[in-house]
Amino acid sequence: MSGGRVLVMGILNVTPDSFHAQSCTPDLSTALARARVLVDEGADILDVGGESTRPGAIPVDAAEEAGRVVPVIRALAADFPGLTISVDTCKASVASEALHVGAALVNDVSGGRLDPAMAELVGRTGARVVLGHMRGTPATMQDAPRYDDAVAEVASELGAAVDAFLRAGVPRERIWVDPGFGFGKRLADNVALLACLDRFRDLGAGVVVGLSRKRFIGDLMRPGGSSAPEERLAGSLAAAVIAATKGASVVRTHDVRATREALAVAAAIAACGAEA
Ligand code: HH2
């Protein structure tokens, strides 16, 4: 594991249609109640999203998306003054409103590709940013994705995204990268990206992973079978631990307590190995 404790980013989906239906808290009061649970369980960051990015998701316009996340972020900033709040969006206008009411981090699963104004906004505001890797859009990304060498190609495309944000004036230490598990990837691509996660540290940025309850985790848990997102916790924890041992700085999850406990075991073993 890399030096420093792995941060846990709790998922707050202010959506009616996220792929893990139990994570949906589409109105202010249920979102705040869920946020309190995630904070009590030890979340370092809360990631607030107002648009599902699952494959084939129906796009939401900026006004609707902002209308979902901005009241929640404003209330979270008031209720949890020390908490890092992230906004999960690909739209600069939504990110701008979120930063204005208390978010400090922009989590853009498109790595700034879907909105050319995003890099300039992050540079101007001094926010932190997660640059995710995705080809196409959530509507098209699983239409026959193809890589000759997924690790090399994703690293190269993420490297280009990092360069664009550096050119926009974002300091390197404010940039994290995320290989984008499930975002236009086949099962073998997701497996290769996790197996070689340490390669992404060569980009000179901390590495974020979002593995929680995704379809490929279910495919690995039950080869040839099927599973619902509710049944994928064990596999998600295994993947989170592997990511941590390969240098992830942040693990994004629906299950903060279980993930924190699994990471604590991994950290204790890694610390003993480092002393030996
Ligand atoms: N995955 C999802 C959303 N945001 N952000 C980062 N950085 N990395 C990820 O892998 C990632 C992400 C999809 O998960 P979820 O938010 O639970 O589902 P939905 O997009 O359906 O709301």
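The values are calculated or read from the model by the stated rules, or taken from the named source; none is laboratory data. Bear in mind that the values here come from a model prediction, so they are computed numbers and not experimental data. In this analysis, Cβ positions are derived from the backbone assuming ideal geometry, glycine residues included, and neighbour counts consider all displayed protein chains. Note: accessible area is taken over every heavy atom of the protein model, side chains too, but ligands, DNA and RNA are not part of it. Shrake-Rupley method; radii C 1.70, N 1.55, O 1.52, S 1.80 Å.
Sorting 245, 53 by accessible area puts them as 245, 53; the probe is 1.4 Å, largest comes first, and only protein heavy atoms count. Could you pull out every one of the lysines with an alpha carbon less than 24 Å from that of residue 91, ignoring same-chain neighbours closer than 8 positions? Partners found: 185, 214.
Charged neighbours of residue 49, selected by a Cβ distance under 9 Å, balance to -3 (K, R count +1; D, E count -1). Dividing the convex hull volume of the alpha-carbon atoms in the chain by its residue count gives 122 Å³ per residue. Since only 9, 90, 111 are under comparison, the one whose Cα sits farthest along the positive direction of the charge dipole of the chain, derived from C-beta charges on Lys, Arg, Asp and Glu, is 9.
Phi-derived couplings, Karplus 6.51 cos²θ - 1.76 cosθ + 1.60 at θ = phi - 60°, listed residue by residue for segment 19-32: 5, 9, 4, 5, 8, 7, 10, x, 10, 4, 5, 5, 5, 5 Hz, with x used for Gly and Pro. Solvent exposure of segment 1-160 amounts to 40 Å² per residue of accessible area, where only protein heavy atoms count and the probe is 1.4 Å. Averaged per residue, segment 186-267 has 41 square angstrom of accessible surface, using a 1.4 angstrom probe with ligands and nucleic acids left out. What you get for segment 68-208, charging only the Cβ of Lys and Arg (+1) and of Asp and Glu (-1), is a dipole of about 260 debye around the Cα centre.
Couplings 3J(HN,Hα) for segment 226-232, derived from phi with the Karplus relation 6.51 cos²θ - 1.76 cosθ + 1.60 (θ = phi - 60°), are 9, 8, 8, x, 4, 9, 10 Hz, where x marks Gly and Pro. Under a 5 Å amide H cut-off, with hydrogens placed 1.01 Å from N, residue 88 pairs with 48, 49, 50, 107 among residues at least 5 apart or on other chains. Of the three principal axes defined by the Cα atoms of segment 219-276, the extents in descending order read 42, 22, 16 Å.
Between the alpha-carbon centres of segment 123-145 and segment 34-61 there is a gap of 16 Å.
Using +1 on the beta carbon of Lys and Arg, -1 on that of Asp and Glu, and nothing else charged, what's the dipole of segment 213-276 about the Cα centre, debye to 20?
Around 220 debye, computed over segment 213-276.
Return the carbon/sulfur percentage of the accessible area of the chain, one whole number, probe 1.4 Å, all protein chains in place. Result for the chain: 56 percent of the exposed heavy-atom area is carbon or sulfur.
Using the Kirkwood formula over every pair of different C-alpha atoms, what hydrodynamic radius in Å results for segment 14-83? 12.6 Å is the Kirkwood radius here. Rounded to the nearest 20, the size of the Cβ-charge dipole of the chain about its Cα centre is 280 debye, with Lys and Arg at +1 and Asp and Glu at -1. Rg/Rh for segment 78-120: what does it come to with C-alpha atoms and Rh from Kirkwood? Dividing the radius of gyration by the Kirkwood radius yields 1.01. Using the Cα centre of segment 157-276 as origin and beta-carbon charges of +1 (Lys, Arg) and -1 (Asp, Glu), tell me which of 243, 204, 170 is placed farthest towards the positive end of the dipole. In segment 157-276, that residue is 170.
Here the Karplus relation 6.51 cos²θ - 1.76 cosθ + 1.60, evaluated at θ = phi - 60°, turns the backbone of segment 131-147 into coupling constants of 9, x, 9, 8, 9, x, 10, x, 5, 10, 5, 9, 7, 6, x, 8, 9 Hz, with x for every Gly and Pro.
Computed with the Debye formula from one identical point scatterer per Cα of segment 1-142, without solvent, the log10 of I(q)/I(0) at q = 0.11, 0.13, 0.20 Å⁻¹ comes to -0.37, -0.53, -1.25.
Using C-alpha pairs below 8 Å separated by at least 6 residues, the relative contact order for the chain is 20 percent.
In the chain, the calculated helix contribution to ellipticity at 222 nm averages -13500 deg cm²/dmol per residue, counting -39,500 (n - 2.57) for every DSSP H run with n ≥ 4.
Segment 88-108 and segment 217-245 have Cα centres separated by 30 Å.
Between 43, 188, 103, the GNM of the chain built on Cα springs shorter than 10 angstrom shows 188 fluctuating the most. Estimated from the Cβ-Cβ distance and a Förster radius of 25 angstrom, the FRET efficiency linking residue 28 and residue 257 is about 0.60.
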